[in-house]
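The values are calculated or read from the model by the stated rules, or taken from the named source; none is laboratory data. Keep in mind that this is a model prediction, so the values were computed, not measured. Note that we place each Cβ from the backbone using ideal geometry, even for glycine, and neighbour counts take in every protein chain shown. When the accessible area is computed, the model is the full protein with side chains, heavy atoms only, and any ligands, DNA or RNA have been set aside. Shrake-Rupley method; radii C 1.70, N 1.55, O 1.52, S 1.80 Å.
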Amino acid sequence: MQRDGINNSIWQEVDVPKLPVLPDQEHAEIVVVGAGITGLTAALKLREAGKTCVILEANTVGFGTTGGTSAHLNTVLDTPYTDIIEQHGIEKARTVLKSTREAISIIQKNITRYKIDCDFTPCSGFMYAENDEEEKELKKIKNALEQVGIVCSEVAKIPIPAPFIYAIEFPEQARFHPTKYLVGLVKAYTDLGGQIREGTLVQQVKEDDGGLRIKTVDDRIFSADFVVYATHTPPGIQLMTFRVAPYRSYIQVWELERQKDCPEALIYDMQEPFHYFRTVEQDGKSYLLVGGQDHKTAHHDNEKKNFRELEAYIRRLYTVNKKTYEWSSQYYESQDSLPFIGYYPGKKHHRELLSTGYGGNGLIFGTLGGAMMAELVLHGKTAFQDVYSPSRTGPLSTIRDLLVENYDVAKHFVKDRFFLEKVEGLAELGRGEGKILHYEGDRIGIFKDEKGKLFAVDPVCRHAACIVKWNNTERSWDCPCHGARYAPNGSLLTGPSVAPLKLWDFETTIQ
Ligand SMILES: Cc1cc2nc3c(=O)[nH]c(=O)nc-3n(C[C@H](O)[C@H](O)[C@H](O)COP(=O)(O)OP(=O)(O)OC[C@H]3O[C@@H](n4cnc5c(N)ncnc54)[C@H](O)[C@@H]3O)c2cc1C
C-alpha cells in the first residue's frame, strides 16, 4: 500500500486486492471522492442499499491518513469532554459519546458481516498525570467523563512504566489494524459490484441539469445524483477551509527487550502535546507503538527533531531492542472541537455532502461520517445530523465558493544560463534536502535528490497562495495555512489543493 509520505508506516505492509476491471461507468447515483476509511464506509453502505456507486481516488486506496494513523478506537476523545461540554453543553456532549459508541459498533458489524480479519481488540484506556497541575486537570476530565456517561475509576497501577501521581482507567475502547480493515471494506464493496477508480483526482464538481457534473484531472467527466467528499478535508476554498486546521503527529514502533511489557490497553499521558501508546502485532510478535509531538503543519523548524524527542521519551521509559518504524501524518482539527458531517454548506441543493475536522479521532469520526453521509443520501436524514452539521453557527469567514483554482501547470522559464549559480544558499543544500532559496527577489523551492539532481518549484501553494515549507522527515512541501502537501518535484500529495506546484524550468539552460 502506498502513502502520502516517504517514511513507511507499519500499516502499509498489507496486500491490497487487485481491483476488478469493470466496464467504464460514467454515471453513478453516487460518486464518492476519496478511498480512506470515510469513503469506503460510505460507499459500502450505499452499495449495500443497492445504489450504483463509484469511488474516485486521486492516488491509491489508503494513500491518505488512514494509512498513517495509530488506530486507537475511542469513545474518550483527544478533545476532553470538559472542552466539549464547555463549548457545546452537556446534552450535545452526551450525544457525541453516543455517536462514538455507534461508530465502534459499525466497525464491529462490518468485521462480523464481512469476516474481516483486522486484529480488532476491545480494551480499556488509561490516562495519567505526572504533576499537580496535570492531576487537577485529569480530575476535571474524570468528572466530565462521568457526567457524559463513561464509568471510570481511579487506579493505583498503569500498564506502562511511567512515573505518575494520579491515573484513571475507562472501559469500552478498542484497537485494530486500520488497513487490514480498509482492505476488508474494499473487498466487501467490490464483491457487491462497487467500482473504485484509482489515480483519479477530482478537480471540479458543478450542478448540471438537476444532477452533478464531476471533472477529473485527466479531463474525464462523470455524472452523479450525489457527490460525497471523503477527502479528509474538502478540496478547494470553501467554508470548511476556515473551520479546520492541519496538524502533524509523529509515530514510532519499538521492539521492546521484553515483549510482555507491551500494554494491552490504550494509554495517554497529560503532557502538552500528549503522547499515546498501544500495542501492535506483526508476524506473531508484539511491538510498542508510541506517538505524539503534534504541531500545526509546517509550523516546526525541524520535523526530524520530533522523532529524536519521541525516541528520547520512549528510551526513558523502556529498555528497547530496536525501532522498526517511524512516520508522521496529518489530521485536521475543527474550530469548535467537533467534526463537520452533512450537507455541503452554502449550496441550494442537498446533493453534495462532506465530512471533515476529525482531530485525532478520524477512524471513529470517519466511520461515523461515512455512515451518516450514506444515510443522508438514502433517507434525507440521519441520527446526529444536528450536532455535526457543517452549517452550524460559529465564527464565519469569507466564503469563496471556488472548487477549481487556476490549475494549469505553467512553468517559470529561466533564460539565464547562470540561473543556478545565482540561487542563494544552493551550495549548502545537502542531498536529500529541500529548502526555500532566493533568486533575484523571487523565492524558489529547491530539492536535491540522492544523486544530486535538482528539482525547482514555485513555493506558492496552489490552494490559497500561502508559501509552502519543506518537511524534512516526509520529504514534502507542506502548506502552513490549510495543509495542502506536494512531493519534492511539486506533484500533489494531499488536498485541499487540486493542482501541483508550478515548476521552474531550468534544465535546458544548464547543460
Ligand atoms: C499520526 C496520526 C495518528 C492518528 N491516530 C488516530 C487514532 O488512533 N484513532 C483515530 O480514530 N484517528 C486517528 N487519527 C486520525 C485518522 O487516522 C484520520 O482522521 C482518518 O484516517 C481520516 O480518514 P479519511 O478517510 O477521512 O481520510 P484519508 O485517509 O486521508 O483519505 C482521503 C483520501 O481522499 C483522497 N483525495 C483527496 N482529495 C481528492 C480529490 N480531489 N480527488 C480524489 N481523491 C482525493 C486522498 O488521496 C486520500 O486517499 C490519526 C491521525 C494521525 C495523523
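Only residues that are within 22 Å of Val202 (Cα to Cα) and either more than 10 Å from the ligand (Cβ to nearest atom) or surrounded by fewer than 17 Cβ atoms within 10 Å (Cβ to Cβ) (or both): list them for region 244-289, please.
Selection gives Val244, Ala245.
When Tyr358 is evaluated against the numbered criteria (1) open to solvent by less than 30 Å² (accessible area, probe 1.4 Å); (2) more than 16 Å from the ligand (Cβ to nearest atom); (3) part of a loop (DSSP other than H, G, I, E, B), which criterion, by number, is the only one it fails?
(2)
Is it the case, given these coordinates, that Lys305 is touching a helix residue (DSSP H, G or I) at 6+ places or on another chain (Cβ under 9 Å) and surrounded by fewer than 17 Cβ atoms within 10 Å (Cβ to Cβ)?
Criteria not met by Lys305.
Output the number of residues of region 11-33 satisfying the condition of being outside any loop (DSSP other than H, G, I, E, B) and within 16 Å of Phe63 (Cβ to Cβ).
Number satisfying all stated conditions: 4.
Does region 50-72 include one or more residues that are in contact (Cβ under 8 Å) with a residue 24 or more places away in the chain, more than 16 Å from the ligand (Cβ to nearest atom) and either touching a helix residue (DSSP H, G or I) at 6+ places or on another chain (Cβ under 7 Å) or closer than 20 Å to Val148 by Cβ (or both)?
no
If I filter region 34-49 down to residues being part of a loop (DSSP other than H, G, I, E, B) and within 11 Å of the ligand (Cβ to nearest atom), which single residue comes out as nearest to Ala484 (Cα to Cα)?
Out of the qualifying residues, it is Gly34.
Say whether the condition of being in contact (Cβ under 8 Å) with a residue 40 or more places away in the chain, of a type in the set (A, V, I, L, M) and either more than 23 Å from Ser249 (Cα to Cα) or within 16 Å of the ligand (Cβ to nearest atom) (or both) is met by at least one residue in region 437-451.
The answer is yes; a qualifying residue exists.
Report yes if Gln2 is outside any loop (DSSP other than H, G, I, E, B), under 26 Å from Arg248 (Cα atoms) and touching a residue at least 24 places away in the same chain (Cβ under 8 Å), otherwise no.
It is false that Gln2 is outside any loop (DSSP other than H, G, I, E, B), under 26 Å from Arg248 (Cα atoms) and touching a residue at least 24 places away in the same chain (Cβ under 8 Å).
Name the residue that is farthest from the ligand (Cβ to nearest atom), counting only residues in region 230-243 that are in contact with a Ser or Thr (Cβ under 7 Å, 6 or more places away or on another chain) and open to solvent by less than 30 Å² (accessible area, probe 1.4 Å).
Within region 230-243, the match that is farthest from the ligand (Cβ to nearest atom) is Arg243.
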